[in-house]
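Student: Have a look at this one before I ask anything.
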Amino acid sequence: MLLAELQSVQSGYEARFEVRVQHAVEKVWSFLTENDKLALWFSELKVEDLREGGVIKFDMQDGTFEEMEITALKNHSILEYTWGEDLVRFELYPESGGSRLVLVEKLQRITDHTPKDLAGWHVCLEVIHALLDGRTLEDREQEWKMWYPRYTELLSNI
């Protein structure tokens, strides 16, 4: 998977990730919206109410939960929700022999934490791809450590 593309937009910045998989959009969608599959690649997230205006909860691992509002939802196509001050948007497109999964993080501003988040999303997409293919990503932390400096460098040019 390639490094995300980062661009300046009117409201801040957008980081765009793309991955092509040899699986139908329905199967990929299930990894974004079904809690048993979601937990395999992002154990802190849980879909509480899958609808526009609904909620995805983030387990802060300290007994508290952050509620993230679903701001856009189109079945098997678009899932967008708040991510702190930002937005995370998943888009699915059917393609010959599979589908294309796009993740766009809409950032109001770049912070010291941004390269950590981008490296994290990169690894999440690699994990989803591996799971779809019946594989596992053995060392997610090592994978993150490989991508973090690349995202730090990408953001240093802004």
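What follows draws every value from the coordinates through simple rules; no lab data is involved. All of these numbers come straight from a predicted model, not from anything done at the bench. Neighbour counts are summed over all protein chains in view; Cβ atoms, including those assigned to glycine, are modelled from backbone coordinates with ideal geometry.
Student: Taking the condition of being surrounded by fewer than 19 Cβ atoms within 10 Å (Cβ to Cβ) and in a helix (DSSP H, G or I), how many residues in region 91-123 meet it?
Tutor: Qualifying residue count for the region: 3.
Student: Now, a different point. Please determine, by comparing only the residues of region 40-75 that are farther than 19 Å from Arg140 by Cβ and small (Gly, Ala, Ser), which one is farthest from the chain's Cα centre (by Cα).
Tutor: This residue is Gly63.
Student: For Ala130, work out the one condition from (1) buried (at least 19 other Cβ atoms within 10 Å of the Cβ); (2) of a type outside the set (Ser, Thr, Tyr); (3) within 23 Å of His76 (Cβ to Cβ) it doesn't fulfil.
Tutor: Going through the list (1) buried (at least 19 other Cβ atoms within 10 Å of the Cβ); (2) of a type outside the set (Ser, Thr, Tyr); (3) within 23 Å of His76 (Cβ to Cβ), Ala130 breaks only (1).
Student: Filter region 40-67 for residues that are in contact with a Leu (Cβ under 8 Å, 6 or more places away or on another chain) and among the hydrophobic types (A, V, I, L, M, F, W, C) and give the result.
Tutor: Leu40, Trp41, Leu45, Val47, Leu50, Ile56, Phe58
Student: Given the options Glu91, Glu80, name the one that is in contact with a strand residue (DSSP E or B) (Cβ under 6 Å, 6 or more places away or on another chain), free of Cβ contacts under 8 Å to residues at least 12 places away in the same chain and either among the polar types (S, T, N, Q) or within 20 Å of Glu26 (Cα to Cα) (or both).
Tutor: Glu80
Student: Could you pull out the residue among Lys27, Lys37 that is of a type outside the set (Ser, Thr, Tyr), closer than 24 Å to Glu138 by Cβ, in contact with a Ser or Thr (Cβ under 6 Å, 6 or more places away or on another chain) and surrounded by 13 or more Cβ atoms within 10 Å (Cβ to Cβ)?
Tutor: Lys37
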